[in-house]
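A.B. asks: Take a look at this one; I'll ask things after.
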Amino acid sequence: WLSSSVGSGSVNSRYGAISDRLTDYVKFGRIFDWVAPMMYTDNSSVIYGNAIAANKLLKGTRAKLMMGLCPNRYYEYFRVEAQSFGSEDVILEQMLESFFAGAKGVIFWSHRGGFRGAKDFRNVALAVKMLMPVEDILYQGEAVTLKHTNPSVNVTAWKLGNEYAVFVRNYDSGKVRTTLEIPAGLKAFDTLTGKEVTGTVELDAPRVKVLKLK
């Protein structure tokens with residue numbers, strides 16, 4: 001049920017419809033193959049928690065989670081005027097946050113209303129390249145804890161058999177480093193470059209890395 005007359009807008013205000021709703025994702029999850037909550041934020045750090053919460057609601061239902069993303073919303077003119085957008089890598093960041101939180105897909109609000117040209121399309125391609133070597137781990141594996149040395153860096157890990165998918169990120173400014181505790185007998189590789197990582201990960205630009213431990 002959507003109420004189209006809530007708030008200070010016109011009678012047909014779509015913002016009223018968005019802000020006042022009765023949404024039961026558990027019921028939706030029993031009926032549909034996919035549920036796609038729309039997370040229109042330029043704050044990449046909150047995407048992970050939102051996706052985790054959505055997955056908990058859908059647990060035991062038929063549906064899989066597809067995250068709806070639009071970090072740069074050009075149809076909000078105040079945002080354009082104030083240049084209040086996310087980082088250049090925000091689409092890359094939010095795609096990785098979504099999949100490492102258990103989402104099985106992402107969908108973007110119109111590229112005309114949310115993409116900033118070739119850079120954003122390239123970031124979609126980079127995210128896919130980073131995820132491809134670990135997609136089986138994310139799809140079939142289980143979330144595990146991987147210890148590291150710097151609490152200001154967020155690390156999320158998934159395991160399938162004796163292989164790990166590891167997502168390392170920090171959205172502050174300046175170079176940061178953390179040292180991962182890599183299980184004995186395994187080596188870590190950057191999925192974007194293919195290069196081996198000795199255990200110490202440095203983040204600067206972009207501020208995200210995906211590793212495969214094997």
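A.B. asks: With the checklist (1) touching a Lys or Arg at 6+ places or on another chain (Cβ under 6 Å); (2) open to solvent by less than 50 Å² (accessible area, probe 1.4 Å); (3) more than 14 Å from MET130 (Cβ to Cβ) in hand, flag the one item ILE182 doesn't pass.
C.D. replies: Looking at each condition in turn, ILE182 falls short on (1).
A.B. asks: Output the residues belonging to segment 185-201 that are open to solvent by less than 70 Å² (accessible area, probe 1.4 Å) and not polar (S, T, N, Q).
C.D. replies: LEU186, ALA188, PHE189, ASP190, LEU192, GLY194, VAL197, GLY199, VAL201 - these are the residues of segment 185-201 that are open to solvent by less than 70 Å² (accessible area, probe 1.4 Å) and not polar (S, T, N, Q).
A.B. asks: In this structure, is TYR48 outside any helix (DSSP H, G or I), surrounded by 14 or more Cβ atoms within 10 Å (Cβ to Cβ), out of contact with any Pro (no Cβ under 9 Å at 6 or more places or on another chain) and among the aromatic types (Phe, Trp, Tyr)? Talk me through it step by step, then tell me what you get.
C.D. replies: Numbers: outside any helix (DSSP H, G or I): no; surrounded by 14 or more Cβ atoms within 10 Å (Cβ to Cβ): yes; out of contact with any Pro (no Cβ under 9 Å at 6 or more places or on another chain): yes; among the aromatic types (Phe, Trp, Tyr): yes.
Spelling it out, it is not the case that TYR48 is outside any helix (DSSP H, G or I), surrounded by 14 or more Cβ atoms within 10 Å (Cβ to Cβ), out of contact with any Pro (no Cβ under 9 Å at 6 or more places or on another chain) and among the aromatic types (Phe, Trp, Tyr).
A.B. asks: Sticking with this structure for a sec: Which of the residues that make up segment 105-124 are among the aromatic types (Phe, Trp, Tyr) and open to solvent by 50 Å² or more (accessible area, probe 1.4 Å)? Break it down stepwise before answering.
C.D. replies: So in segment 105-124, the residues among the aromatic types (Phe, Trp, Tyr) come out as 108-109, 115, 121.
Selection gives PHE108, TRP109, PHE121.
A.B. asks: Which residue, of GLU76, GLU93, is open to solvent by less than 40 Å² (accessible area, probe 1.4 Å) and either modelled with pLDDT of 95 or more or under 13 Å from the mean Cα position of the chain (by Cα) (or both)? Give the derivation first.
C.D. replies: On the way: GLU76 fails: either modelled with pLDDT of 95 or more or under 13 Å from the mean Cα position of the chain (by Cα) (or both).
On inspection, the qualifying residue turns out to be GLU93.
A.B. asks: If GLY60 satisfies all but one of (1) surrounded by 13 or more Cβ atoms within 10 Å (Cβ to Cβ); (2) at pLDDT 90 or above, what's the number of the condition it fails?
C.D. replies: For GLY60, the failing item is (1).
The values are calculated or read from the model by the stated rules, or taken from the named source; none is laboratory data. Fair warning: this is a prediction, and the values are worked out from it, not measured in the lab. Backbone-built Cβ (ideal geometry, glycine too); neighbour counts: all protein chains shown. Note: areas computed on protein heavy atoms with side chains; ligands, DNA, RNA excluded. Shrake-Rupley method; radii C 1.70, N 1.55, O 1.52, S 1.80 Å.
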